[in-house]
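The values are calculated or read from the model by the stated rules, or taken from the named source; none is laboratory data. Please read these numbers as outputs of a predicted model, since none were measured by experiment. Note that each Cβ is placed from the backbone with ideal geometry, even for glycine, and that neighbours are counted across all protein chains shown. Ligands, DNA and RNA are stripped out before the accessible areas are found, and what is left, the full protein with its side chains, is counted by its heavy atoms. Shrake-Rupley method; radii C 1.70, N 1.55, O 1.52, S 1.80 Å.
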Amino acid sequence: MSYDRYVAICCPLQYPAIMTSSLCVRLVILSWVGGFLLILPSTVLKVGLPYCGPNVIDHFFCDSAPLLHLACADIHIIELLDFLSSLVLLISSLSLTVVSYVYVISTILKIPSGQGQRKAFATCVSHFIVVSMGYGISIFVYVHLSQKSSLHLNKILFILSSVLTPLLNPFILGLRNETMKDALKDSLAKDRNFLKGMRSK
């Protein structure tokens, strides 16, 4: 999405020629294959671990850290490998996102009209909010060496990440749409009038 926003703002006339279906498919495949190859070594090591004791993962889904802490072996090397892969994955993708936004912001600031600048910023702000929430939670959860001490906090953060972010996405992305803004204003005005009517009774 960062590259899409970059092309839309920095090269609007070439956008249809650059952002073709085949490029989108290649970007998705590159993301999936890159992520898979990055976590493959630690996954292979986890499969070979001896697991004993309780077979209940203390989490809402099968995440790496709660699974590792069920093992009856030394997991420090695998934790280090998880940390390094998370660091590489998150920091590299975050760096690409930041670089694209630096170009986008510098291009927006060159737009002569204030209204043009506001429209361009409005196009990118929603994506930036969603990306910031995702990266913020992911970096906090995954980029530290031992996750044993923060397993319960991570569960709370994953609820925020997996429930709150998708819940807010339609509102965040929809606020760019004038029809959505008008409907929200109408709804708030009706609620205010309803509350005023209740107070007067």
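Values for this structure:
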| item | result |
| --- | --- |
| Among (1) of a type outside the set (K, R); (2) touching a Cys at 6+ places or on another chain (Cβ under 7 Å); (3) over 30 Å from L157 (Cα atoms); (4) touching a residue at least 12 places away in the same chain (Cβ under 8 Å) - the single one Y51 does not satisfy | (3) |
| Flag for Y135 being among the aromatic types (F, W, Y), part of a helix (DSSP H, G or I), modelled with pLDDT of 80 or more and open to solvent by less than 50 Å² (accessible area, probe 1.4 Å) | yes |
| Those residues of region 108-122 which are open to solvent by less than 40 Å² (accessible area, probe 1.4 Å) and either in contact (Cβ under 8 Å) with a residue 12 or more places away in the chain or not in a helix (DSSP H, G or I) (or both), in sequence order | I108, A120 |
| Near pairs, Cβ below 7 angstrom, 6+ apart or cross-chain, from region 165-178 (under 13 Å from T123 (Cβ atoms) and assigned to a helix (DSSP H, G or I)) to any residue that is modelled with pLDDT of 70 or more and of a type outside the set (D, E, K, R) | I172/S126; I172/I129; I172/V130; L173/S126 |
| Residue in region 25-36 that is open to solvent by 60 Å² or more (accessible area, probe 1.4 Å), over 24 Å from the mean Cα position of the chain (by Cα) and not basic (K, R) present | no |
| Wholly within region 1-96, helices (runs of 4 or more DSSP H) carrying at least 2 residues that are of a type in the set (D, E) | none |
| In region 184-201, residue most open to solvent (accessible area, probe 1.4 Å) [restricted to those that are at pLDDT 75 or above, closer than 30 Å to A120 by Cα and of a type outside the set (D, E)] | K185 |
| In region 62-88, residue nearest to Y142 (Cα to Cα) [restricted to those that are among the small types (G, A, S) and more than 27 Å from the chain's Cα centre (by Cα)] | A71 |
| Any chance C52 is modelled with pLDDT under 85, surrounded by 15 or more Cβ atoms within 10 Å (Cβ to Cβ) and either hydrophobic (A, V, I, L, M, F, W, C) or touching a Ser or Thr at 6+ places or on another chain (Cβ under 7 Å) (or both) | no |
| Checking S146 against (1) outside any helix (DSSP H, G or I); (2) at pLDDT 75 or above, the condition it does not meet | (2) |
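Residues checked against (1) modelled with pLDDT of 90 or more; (2) aromatic (F, W, Y); (3) closer than 26 Å to D82 by Cα; (4) in contact with a Leu (Cβ under 8 Å, 6 or more places away or on another chain):
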position	(1), (2), (3), (4)
M1	no, no, yes, no
D4	no, no, no, no
C10	no, no, no, no
Y15	no, yes, no, no
M19	no, no, no, no
G35	no, no, yes, yes
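Yes/no matrix, rows are residues, columns are (1) touching a residue at least 40 places away in the same chain (Cβ under 8 Å); (2) within 21 Å of W32 (Cα to Cα); (3) open to solvent by less than 50 Å² (accessible area, probe 1.4 Å); (4) in contact with a Gly (Cβ under 9 Å, 6 or more places away or on another chain):
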| position | (1), (2), (3), (4) |
| --- | --- |
| P66 | yes, no, yes, no |
| H69 | yes, no, yes, no |
| C72 | no, no, no, yes |
| I75 | no, no, yes, no |
| L90 | yes, yes, yes, no |
| V98 | no, yes, no, no |
| S106 | no, no, yes, no |
